[in-house]
Each structure stands twice: as structure tokens, then as C-alpha cells.
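The values are calculated or read from the model by the stated rules, or taken from the named source; none is laboratory data. This structure is a prediction, so every number in the text was calculated from the model and none was measured. When we count neighbours, we look across all protein chains shown, and the Cβ atoms used for this are built from the backbone with ideal geometry, even at glycine. All accessible areas refer to the heavy atoms of the entire protein, side chains included, with ligands and DNA or RNA removed. Shrake-Rupley method; radii C 1.70, N 1.55, O 1.52, S 1.80 Å.
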Amino acid sequence: MQLVVGRVGRAHGIKGEVTVEVRTDEPELRLGPGAVLATEPAQAGPLRIETGRVHSGRLLLRFEGVRDRTGAEALRNVLLIAEIDPEELPADPEEFYDHQLMDLDVVLADGTEIGRITEISHLPSQDLFIVERPDGSEVMIPFVEEIVTEIDLEEQRAVIDPPPGLIDDRAEIASGRDGDSGDAGTGEDGAAGTSGEDGAAGRDGG
């Protein structure tokens with residue numbers, strides 16, 4: 001299975017380094033030296049990571065064969081894609097890859113059906129489930145421990161304990177969002193529409 005783990009940003013310096021917008025919770029694994037990544041568009045790759053470092057909070061990578069600023073700028077906005085085993089799980093048991101969460105049924109503890117996860121939105125502060133309800137409307141469920149009490153992959157369901165107003169008529173409907181859904185196509189974290197952007201989503205348990 002292929003997952004988008006990063007997007008190339010602007011060139012850094014004159015020796016071929018680029019900034020990378022990380023879309024995985026495991027950059028040391030997916031974006032380490034020696035890793036070979038497919039790309040979108042495909043003709044830009046594959047790319048092998050030669051060096052990586054963090055500078056002022058940003059990940060900087062240099063790819064084999066890219067030695068100057070011109071070559072680095074030519075990669076701008078290229079998506080970096082890693083091949084992973086679909087059975088592989090994140091190291092943290094509280095994290096899940098986006099493809100594991102997609103299409104899970106969302107239910108209350110008593111089994112009441114709320115809807116189905118159709119998208120995972122990776123925001124800077126937290127991850128959100130975009131849940132399609134039976135009537136076709138959408139509601140955003142924060143993926144935090146206080147609300148999402150259980151992820152049962154065997155039963156293909158997410159159990160939630162929502163606060164008042166989250167899923168009733170006063171709920172915030174995703175269709176009215178102002179474009180603030182973050183990197184998720186998480187996908188983005190991955191983490192990520194379901195094209196795998198964003199590698200993993202995790203509960204912010206506080």
C-alpha cells in the first residue's frame with residue numbers, strides 16, 4: 001500500500017536541500033537517509049534520501065543526484081510516497097494509519113449508529129474524523145481520548161462518548177467548513193484523505 005508521507009517545499013540554500021512538509025507521524029522511519037520514495041508526479045522520482053536534518057523546526061532533505069538549488073526547486077510541490085505493508089501498525093498503540101480508520105462505523109456506547117468515517121482531517125491542534133450520517137449530513141468528531149473511547153478494528157467500529165451539542169442538531173456540520181480541514185485530503189497525519197496523506201492519526205489524550 002502506498003501512503004503520502006511528505007510534500008517537497010522550497011529549496012534551502014544552494015547545495016540541493018529542500019524543506020519538506022511532513023505528512024507522517026514516523027518521519028524517522030519513512031523519511032530517513034537511504035529511504036527510496038515514489039513520487040507524484042511519477043516522473044519526478046523515484047527519489048533516494050541522501051541526508052536529512054532538522055533546521056529551525058523544519059525537516060530538510062537532500063536527494064541523491066540533486067546537487068544545486070535549480071534541481072531542488074524543480075522538486076517543489078512533489079509528493080513523496082512510501083510503500084508500506086497494509087498489515088503494519090504504527091509503533092504507538094494509540095495511533096492508527098488513516099486507511100485503518102476509513103469507513104469505520106461510528107457508534108455510541110449503547111450501539112446507536114452515528115455514521116461512517118469518510119475522511120480524517122489532520123489539523124495542527126488535533127485530528128478530526130469527518131463522519132457521514134445516515135441522512136447524508138457530515139459532522140466532525142475530534143479524535144481525542146475523551147470523545148473517541150474505543151477503536152475496534154476487528155469489529156470495524158469507533159465508539160464515541162460525545163459531549164452535548166456535538167452530534168445533535170447543534171452539531172457543527174462539516175459541509176459548512178471554511179476550508180480549514182488541514183492537510184488531510186492528515187492522510188494528511190496522515191495523516192490524510194484516504195489516498196494515505198498523513199500517515200497516522202493519534203488520540204491526543206492530554
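Listed here are the residues, each with its yes/no results for (1) at pLDDT 95 or above; (2) of a type in the set (G, A, S).
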{"position": "V20", "(1), (2)": "no, no"}
{"position": "P27", "(1), (2)": "no, no"}
{"position": "L31", "(1), (2)": "no, no"}
{"position": "R53", "(1), (2)": "no, no"}
{"position": "L75", "(1), (2)": "yes, no"}
{"position": "A82", "(1), (2)": "no, yes"}
Here's a check for you: in the stretch 8-42, which residue that is among the charged types (D, E, K, R) and open to solvent by 40 Å² or more (accessible area, probe 1.4 Å) is farthest from R58 (Cα to Cα)?
E40
Can you tell me which residues in the stretch 108-133 are open to solvent by less than 20 Å² (accessible area, probe 1.4 Å) and of a type in the set (A, V, I, L, M, F, W, C)?
I114, I117, I120, L128, F129, I130, V131
Within the stretch 97-107, residues being open to solvent by 10 Å² or more (accessible area, probe 1.4 Å) and modelled with pLDDT of 80 or more number 5
Can you tell me which residues in the stretch 101-131 are under 20 Å from V4 (Cα atoms), part of a strand (DSSP E or B) and not polar (S, T, N, Q)?
I117, E119, I120, H122, D127, L128, F129, I130
Pairs with Cβ under 6 Å, 6+ apart, first in the stretch 6-20 and closer than 16 Å to D68 by Cβ, second assigned to a loop (DSSP other than H, G, I, E, B) and open to solvent by 40 Å² or more (accessible area, probe 1.4 Å):
V8/R76; G16/R67; G16/D68
Looking at the stretch 60-86 only, could you name the residues that are under 15 Å from R7 (Cα atoms) and open to solvent by 30 Å² or more (accessible area, probe 1.4 Å)?
R62, E73, A74, R76, N77, L79
List every residue pair whose Cβ atoms sit under 7 Å apart, with the two residues 6 or more apart in sequence or on different chains, where the first one lies in the stretch 26-40 and is of a type in the set (G, A, S) and the second, anywhere, is surrounded by 16 or more Cβ atoms within 10 Å (Cβ to Cβ) and at pLDDT below 95.
G32/G52; A38/G45; A38/I81
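Out of all the residues in the stretch 137-170, which are open to solvent by 50 Å² or more (accessible area, probe 1.4 Å) and either in a loop (DSSP other than H, G, I, E, B) or out of contact with any strand residue (DSSP E or B) (no Cβ under 7 Å at 6 or more places or on another chain) (or both)?
Start the filter on the stretch 137-170 by keeping residues that are open to solvent by 50 Å² or more (accessible area, probe 1.4 Å), which leaves 145-146, 149-150, 153-157, 161, 163-164, 168-170.
Answer for the stretch 137-170, where residues must be open to solvent by 50 Å² or more (accessible area, probe 1.4 Å) and either in a loop (DSSP other than H, G, I, E, B) or out of contact with any strand residue (DSSP E or B) (no Cβ under 7 Å at 6 or more places or on another chain) (or both): E145, E146, L153, E154, E155, Q156, D161, P163, P164, D168, D169, R170.
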